[in-house]
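Student: Before I ask anything, here is the structure I am working with.
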Amino acid sequence: MKMKKIGLIFLSILIIVTGADSAICLAAGTELDKEAVDSYIEREMKISRIPGLALGIIKDGQIAYLQGYGSAGGNQPVKAETPFITGSLSKSFTALAAMQLAEEGKLELDAPVREYLPWFTLQGDYDPGKITVRHLLVQTSGIPNLAGVSTVAESSDLSLEEEVKNLSSEQLENQPGEVYVYSNANYLVLGLIIDEVAENGYREHMRENIFDPLGMNNSFLSKEKGEAAGMAKGHVRWFGFPVATDVQYLDNSLAAGFIISTVEDMSNYILMHLNKGTFNGKEILSSEGIKELYTPSGAAGIPIDYAMGLIVISSDDFTMVHHDGANQGFNSAMAFSPEEQWGVVTLTNTSGQIELPAHSIALDVANLVRGEQTTGISRSSMTLYYALLAIILAAIILTVRSLVLLPQRWAVRLRENKPKRLANFIYRVGLPVAAELLIPFLVFIYIPMGAGFPVWRLYLLFHPDMVYGLFILSALLLFKALWRCYLVIKLLYQPAVQPDQ
């Protein structure tokens, strides 16, 4: 997950600073060419096999284009009003709620978490009592990345309070405030704090103080309400093809990644940011509060400017604020520039951990809005995905073939020419068995134990084809090793076949 963030940031810088050759380019200062946008989106959707995509564009401080493409599932087209699970875009909403409560005097950003959750603790050499609300917001608490991954991997149905209390078994890996480490757990703790200090809890605060004043009438905090409003069907990939599935939804992780919204509603949300906290004359957050939202921590760690639930890229010319999100079956992204008064949001109903196109598409559309060249989605991640699949499938085919030939060739040769010395036995029997046991050992024992969380359960959510492929390959290799041992026991000490006289 950390590597994904690094890659996205370097991609962002490349697109904004340098640009690249492409067939699509608008002259600066011209009106938005919607046909060029449609052409670009449809091309990228086809190449990346995205079943459905919703796009919102803001230009010159106004909503310029809202459009749906492809299928939402169940023969329903994607519309601007189609809800999607937005993934980690939810973090910026949680940060906004925290800043609202700070301005109301109900929350102190630099107060210790224990002021609101007295029982809060973690293990390790560092003092969890020094973790502040601000540290959670800017991801410098010292809580490890894997602490947030486990909740998703385990599809936990515990309450939010129970999840946060379970952090007491985690090791605090850095001094609070010193190092940036992205972790969903930071925003789980924030969600619980907001639930404690807000007058009517997290959900009602979000509805009454953000969704309603922003006119976000098709944004939801439960899967049931989202589906009742026609939420897009999430898709996971099977051998490169998106397949609709009943996706994971974690009520305990709303604050970190499970808010449901539409590009129409998200465009209103971006407008509020572009208007320094104001929407249709209503102040959602003060301009000073908005400025603080965009202030990075400046901590060590991954070289990105992570602010409060948002990533900020600044240059001499302008500032771009952005973030992406990924859940099982959904991939989203938003980007906007307060100085240049543009914004883009893309919501898609497919996802993975290797290939995540929504962010690249959003940045490319931003280039169109700015009158610059598009770059197209990088094919490297998709190529990697197909290459890994091809390797796994080829290995399965070769293993099945060798299983068929094992008693016909290897066992016959072993019977005809028994190994006489230990070194020869190790070479002809021991090494093949050890090689065949390596992958099953890695897949079934070493990787799960070393990961520190249910690694295969997590990747089954996003890449079931690859995980099942690895399981099948490992099982076949294990069977082959055992069968080889059986053939050795059965054949090794039988009399060698005598040549015909």
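Read the figures in this text as sums done on the coordinates, not as results from a lab. Owing to the predicted nature of the structure, the values given are computational and were not obtained by experimental measurement. With ideal geometry, Cβ positions are generated from the backbone for all residues, glycine too; neighbour counts draw on all protein chains shown.
Student: Assign unit charges at the C-beta atoms only (+1 for Lys and Arg, -1 for Asp and Glu), then state the dipole size of segment 382-491 relative to its Cα centre in Debye, rounded to the nearest 20.
Tutor: With Lys and Arg at +1 and Asp and Glu at -1, about 720 debye.
Student: Quick one: dipole size for the chain, taken about the Cα centre, charges +1 on Lys/Arg Cβ and -1 on Asp/Glu Cβ, in debye to the nearest 20.
Tutor: 3500 debye
Student: I would also like to ask the following. Return the long-range amide H neighbours of GLY234 (sequence gap of 5 or more, or a different chain), with a cut-off of under 5 Å between placed amide H atoms.
Tutor: THR245, VAL247
Student: Report, to the nearest 10°, how far helix 431-441 tilts away from the longest principal axis of the Cα atoms in the chain, using its own Cα long axis and a range of 0 to 90°.
Tutor: 30 degrees
Student: On to the next question. Separation of segment 315-335 and segment 155-234 by C-alpha centroid, Å?
Tutor: 19 Å
Student: Using a 7 Å offset from the Cα along the Cα-to-Cβ direction at both TRP483 and ASP212, what is the distance between the two label points in nm, to one decimal?
Tutor: About 6.7 nm, to one decimal.
Student: Let me ask something additional. First measure r as the distance between the Cβ atoms of ALA435 and GLN76, then evaluate 1/(1 + (r/R0)^6) with R0 = 56 Å and state the FRET efficiency to the nearest 0.05.
Tutor: 0.65
Student: Shifting gears a bit: Given (i) 32.8; (ii) 29.1; (iii) 25.2, which label gives mean projected area of the Cα convex hull in nm² as computed from the coordinates?
Tutor: (ii)
Student: Further question on the same structure: Using Cβ counts within 10 Å as a stand-in for footprinting exposure, how do ILE426, ILE131 rank, fewest first?
Tutor: Least to most surrounded, the residues fall as ILE426, ILE131.
Student: Give me the percent of Cα-Cα pairs in segment 382-491 that sit more than 22 Å apart, rounded to a whole number.
Tutor: In whole percent, the long-distance tail amounts to 42.
Student: Here is a further query. Mind ordering 360-372, 435-447 by average Cβ neighbours within 10 Å, highest first?
Tutor: Descending packing order for the listed peptides: 360-372, 435-447.
Student: Could you tell me what a quarter of the Cα convex hull surface of segment 107-197 works out to, in nm² with one decimal place?
Tutor: Mean projected area for segment 107-197: 5.0 nm², to one decimal.
Student: So how much slack lies between ASP246 and SER159, counting 0.36 nm per residue of separation and subtracting their Cα-Cα distance, in nm?
Tutor: Taking 0.36 nm per residue and subtracting the Cα distance, the gain is 29.2 nm.
Student: Once label points are set 7 Å from the Cα along Cα→Cβ at both GLN353 and TYR386, what is their separation, rounded to one decimal in nm?
Tutor: Placing both labels 7 Å along Cα→Cβ, they lie 2.3 nm apart.
Student: Still on this structure, I have one more. Straight-line reach only, C-alpha to C-alpha below 18 angstrom: list the lysines that LYS490 could link to, leaving out same-chain residues fewer than 8 apart.
Tutor: Result set, ordered by chain and number: LYS418, LYS420, LYS480.
Student: Where a Cα-Cα gap under 15 Å defines reach, which aspartates and glutamates qualify for LYS46, not counting those fewer than 8 residues away within the same chain?
Tutor: Counting by Cα, and skipping residues close in sequence, LYS46 has these aspartates and glutamates nearby: ASP38, GLU355.
Student: How much net charge surrounds MET466 when only other residues with a Cβ under 14 Å from its Cβ are counted (Lys, Arg +1; Asp, Glu -1)?
Tutor: Result for the neighbourhood of MET466: 0.
Student: Neighbouring Cβ atoms within 10 Å as the yardstick, rank TYR187, TYR486 fewest first.
Tutor: TYR486, TYR187
Student: What does the charge dipole of segment 289-387 about its Cα centre add up to, to the nearest 20 debye, if the Cβ of each Lys and Arg holds +1 and the Cβ of each Asp and Glu holds -1?
Tutor: The calculation lands at about 300 debye.
Student: Taking the Cβ of MET272 as the center, what net charge do the other residues with Cβ under 12 Å away carry, scoring Lys and Arg +1 and Asp and Glu -1?
Tutor: 0
Student: Add -39500 (n - 2.57) for each DSSP H run of 4 or more in the chain, then divide by its residues: what number comes out at 222 nm, to the nearest 500 deg cm²/dmol?
Tutor: Rounded to the nearest 500, the figure is -12500 deg cm²/dmol.
Student: Could you order the peptides 247-253, 157-163, 320-326 from most to least packed, using the average number of other C-beta atoms within 10 Å per residue?
Tutor: Top to bottom by mean Cβ count within 10 Å: 320-326, 247-253, 157-163.
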